[in-house]
Every structure is written in C-alpha cells, then in structure tokens.
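S.K.: I'd like to ask some things about the structure below.
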Amino acid sequence: MRKVITYGTYDLLHEGHINLLRRAKELGDYLIVGVTSDSFDKDRGKLNVRNNVLERVAAVRKTGYADEIIIEDYVGQKIDDIQRYDIDIFAIGSDWEGKFDYLSEYCEVVYLDRTEGISTTKIKTDLQ
Ligand code: CTP
C-alpha cells in the first residue's frame, strides 16, 4: 500500500485545497492530511487564521479525500510522521517547490501544481 502525506492550514477551505487533496490522494492508496494546530500557525507567524483547528479538520474531512487526519503541532514533526506512519510520498503544493527537498532522505517528495487564482489570502482580501 502506498501511503501519502500532505500538510496545510486549510483555512476557509477552497477549490485549490480540494484539488490539492484529490491529486495527493491519487498518488497512492492512503492519504494522511496534517492540519496545523492554532498554536503552530501562530508560532510560524500565520496570525490571521479565521477557522479554528476543529473547523479546519472538519472541512478537510468533508472533502472525503483524507483517510486519516492528524494535527501538525511542532517544527520537525514531518520527519517523525513520515517514519511513524511509514510514508512513501510527501506531497505539497508548488508554492513550496524546493523547500521540502530535505525530506527526500525519508520518502519521495512531490510538488503538485497549485490551482491558479485562488488562495485563503485572496479570499480574505476579497471579504474586506
Ligand atoms: N494549495 C493549492 N492551490 C491553491 C492554494 C493552496 O494547491 N490555490 C495547496 C498548498 O500548496 C498546500 C495546501 O493547498 O499544499 C494547503 O495550503 P494552505 O497554505 O493551507 O492554503 P493557501 O490558500 O495557500 O493559504 P494562504 O493564502 O494563507 O497561504
């Protein structure tokens, strides 16, 4: 069984997130989605997250693509998760191109093209 993992905040869940999750799931048989905790986002400077972690987890669950949802809560957790869950593929959007190459020591790293023209940041700007 090929196990895939991906991570994100998934605030104000939108089509770009749904496309990313669908394509990540298509890379293997079992998809684990790491949703950032509220405190982890604050610590990394993401201060304006609208949905709390429970709301964001519920939104990801509702897409139907995640076989398992975990919480990302600390720096360095990705390596621990890849080893703990015996992950074959780490997938993430192309806005992170190159940033996670260091994980290729532990599993395959795949950058998926982002959906153009939509982001949580844009939705928040449009709401203002
Ligand atoms: N993503 C994507 N296409 C988009 C927006 C996001 O493929 N248009 C992907 C990201 O590359 C990441 C995952 O969705 O792999 C979660 O992204 P996240 O940072 O939660 O969403 P953004 O909309 O990019 O949020 P922000 O604008 O706050 O950075």
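The values are calculated or read from the model by the stated rules, or taken from the named source; none is laboratory data. Keep in mind that what you see is a predicted model, and the values were worked out from it rather than measured. When we count neighbours, we look across all protein chains shown, and the Cβ atoms used for this are built from the backbone with ideal geometry, even at glycine. To get the accessible areas, we keep the full protein, side chains included, count just its heavy atoms, and leave off ligands, DNA and RNA. Shrake-Rupley method; radii C 1.70, N 1.55, O 1.52, S 1.80 Å.
S.K.: Give me the residue from the range 1-27 that is of a type in the set (Gly, Ala, Ser) and within 21 Å of Asp88 (Cα to Cα) and, out of that set, most open to solvent (accessible area, probe 1.4 Å).
M.R.: In this case the residue turns out to be Gly8.
S.K.: Is the range 103-114 home to any residue that is closer than 21 Å to Gly16 by Cβ and of a type in the set (S, T, N, Q)?
M.R.: No, there is no match, as no residue in the range 103-114 is closer than 21 Å to Gly16 by Cβ and of a type in the set (S, T, N, Q).
S.K.: Let me ask something else. Could you check how many residues of the range 72-128 are in a loop (DSSP other than H, G, I, E, B) and either within 16 Å of the ligand (Cβ to nearest atom) or open to solvent by less than 100 Å² (accessible area, probe 1.4 Å) (or both)?
M.R.: Number of matching residues: 20.
S.K.: Restricting attention to the range 60-71, which residues are open to solvent by less than 40 Å² (accessible area, probe 1.4 Å) and either under 13 Å from Thr36 (Cα atoms) or without any contact (Cβ under 8 Å) to a residue 40 or more places away in the chain (or both)?
M.R.: Within the range 60-71, Val60, Ile70 meet the criteria.
S.K.: Which of the residues spanning the range 28-50 are open to solvent by less than 50 Å² (accessible area, probe 1.4 Å), outside any strand (DSSP E or B) and more than 19 Å from Tyr74 (Cα to Cα)?
M.R.: Answer for the range 28-50, where residues must be open to solvent by less than 50 Å² (accessible area, probe 1.4 Å), outside any strand (DSSP E or B) and more than 19 Å from Tyr74 (Cα to Cα): just Gly28.
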